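The values are calculated or read from the model by the stated rules, or taken from the named source; none is laboratory data. Small disclaimer: the values here were computed from a predicted structure and weren't measured. Don't worry about glycine lacking a Cβ; one is built from the backbone with ideal geometry, like all the others, and counts go over all protein chains shown. These area figures cover heavy atoms from the full protein model, side chains too; ligands, DNA and RNA do not enter into them. Shrake-Rupley method; radii C 1.70, N 1.55, O 1.52, S 1.80 Å.
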Amino acid sequence: MRTIADRIRHALSFEIIGLILVIPLGAWVFGVPPEDIGVVGVVSATIATAWNYLYNLAFDHAMKRFRGTTQKTTVIRVAHAVLFELGLLVVLMPFIAWYLNITLMHALVMDVSFALFYVVYAFVFNWCYDRLFPLPEWKTEMQTK
């Protein structure tokens, strides 16, 4: 399992890199001023950082309990990313509608667009993170297979 420090590094680096990508992209795609997308992005990232830590901790514990390992297959990585984004969608949509003074339907479209971006981003980021910072148990598991 990952240490607390490693989980914090993971969550913070995920959100910082995500913001660097999503603010200019969101402003361009939705025609919203970058500062407004920036506020939505920072608030969303703050909520997502806490969710990221708790979600990944719970997901790893569930994997360890049900599979005996925290090593993820491609299918598990996809499920991991999709479930993470669905949880955020429910929480963030009302905030986006309120802050940008748009309808819930428009906020849903924006939120789903951000979620789709982040599903792909989460998949790629987590795969890269696991390659850069592998757990020692994975090396042992790979040698025994």
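Structure notes:
- Options V112, V124: the member that is surrounded by 13 or more Cβ atoms within 10 Å (Cβ to Cβ), in a helix (DSSP H, G or I), among the β-branched types (V, I, T) and within 14 Å of the chain's Cα centre (by Cα): V112
- Scanning the stretch 118-133 for residues that are modelled with pLDDT under 95 and touching a Phe, Trp or Tyr at 6+ places or on another chain (Cβ under 7 Å) gives a single hit, A122.
- Qualifying residues in the stretch 65-77 (those that are in a helix (DSSP H, G or I) and surrounded by 13 or more Cβ atoms within 10 Å (Cβ to Cβ)) - the one nearest to the chain's Cα centre (by Cα): R77
- Among residues of the stretch 117-140 that are under 18 Å from L57 (Cα atoms), those with a Cβ under 8 angstrom from a residue that is modelled with pLDDT of 90 or more and aliphatic (A, V, I, L, M), sequence gap 6+ or separate chain, pair up as F123/V78; F125/I17.
- Residue match in the stretch 35-53 (condition: assigned to a helix (DSSP H, G or I), touching a residue at least 24 places away in the same chain (Cβ under 8 Å), closer than 18 Å to Y118 by Cα and of a type in the set (D, E)): no
- Among (1) under 22 Å from F14 (Cα atoms); (2) in a helix (DSSP H, G or I); (3) more than 17 Å from the chain's Cα centre (by Cα) - the single one Y129 does not satisfy: (3)
- A count restricted to the stretch 51-63 and to residues that are open to solvent by 80 Å² or more (accessible area, probe 1.4 Å) and modelled with pLDDT of 90 or more stands at 1.
- For M63, the conditions (1) among the aliphatic types (A, V, I, L, M); (2) in contact (Cβ under 8 Å) with a residue 40 or more places away in the chain; (3) touching a Ser or Thr at 6+ places or on another chain (Cβ under 9 Å) are fulfilled apart from (2).
- Filter pass, G26 being crowded, with 17+ Cβ neighbours inside 10 Å, without any contact (Cβ under 8 Å) to a residue 60 or more places away in the chain, in contact with a helix residue (DSSP H, G or I) (Cβ under 6 Å, 6 or more places away or on another chain) and part of a helix (DSSP H, G or I): no
- Checked across the stretch 8-18, the condition of being open to solvent by less than 40 Å² (accessible area, probe 1.4 Å), closer than 22 Å to T69 by Cα and assigned to a helix (DSSP H, G or I) holds for at least one residue.
- Residue check for L92: in a helix (DSSP H, G or I), in contact with a Gly (Cβ under 6 Å, 6 or more places away or on another chain) and either on the phi > 0 side of the Ramachandran plot or surrounded by 13 or more Cβ atoms within 10 Å (Cβ to Cβ) (or both): no
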